[in-house]
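Shown next, in structure tokens, is the structure this report addresses.
The values are calculated or read from the model by the stated rules, or taken from the named source; none is laboratory data. Remember, predicted model here, so these are calculated numbers, not experimental data. Every residue, glycine among them, receives a Cβ derived from its backbone with ideal geometry; neighbour counts consider all protein chains shown.
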Ligand code: SF4
């Protein structure tokens, strides 16, 4: 899935730089305790799959939690 997301980000001119494993784990952990996380693994606010979104340094939580 990451390769497809990388391709789309490249087309859009966005960075595909990834965060460290520690940062990724902290982000995902925050999502799993967030009431906006849907059972599908998507964020209710932005609609993204948080496990994918959290990998990218250029992404951020729409509710300023990370
Ligand atoms: S991205 Fe932010 S608002 Fe969305 S589920 Fe994660 S912590 Fe919650």
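Which residue pairs have Cβ atoms under 8 Å apart, sit 6 or more places apart or on different chains, and have a first residue in region 18-37 that is closer than 19 Å to residue 2 by Cβ and a second that is away from the ligand (no atom under 13 Å from the Cβ) and assigned to a loop (DSSP other than H, G, I, E, B)?
Short answer, once both residue conditions are applied: 18/57; 19/57; 27/19.
Across region 43-59, which residue is surrounded by the most Cβ atoms within 10 Å (Cβ to Cβ) among those that are within 9 Å of the ligand (Cβ to nearest atom), in contact (Cβ under 8 Å) with a residue 12 or more places away in the chain and not in a helix (DSSP H, G or I)?
54
I'm trying to understand the selection: among the residues of region 1-35, which are assigned to a loop (DSSP other than H, G, I, E, B) and over 14 Å from the mean Cα position of the chain (by Cα)?
Across region 1-35, the qualifying residues are 13, 33, 35.
In region 10-31, what residues are within 11 Å of residue 59 (Cα to Cα) and at pLDDT below 90?
Scanning region 10-31 gives 14, 15.
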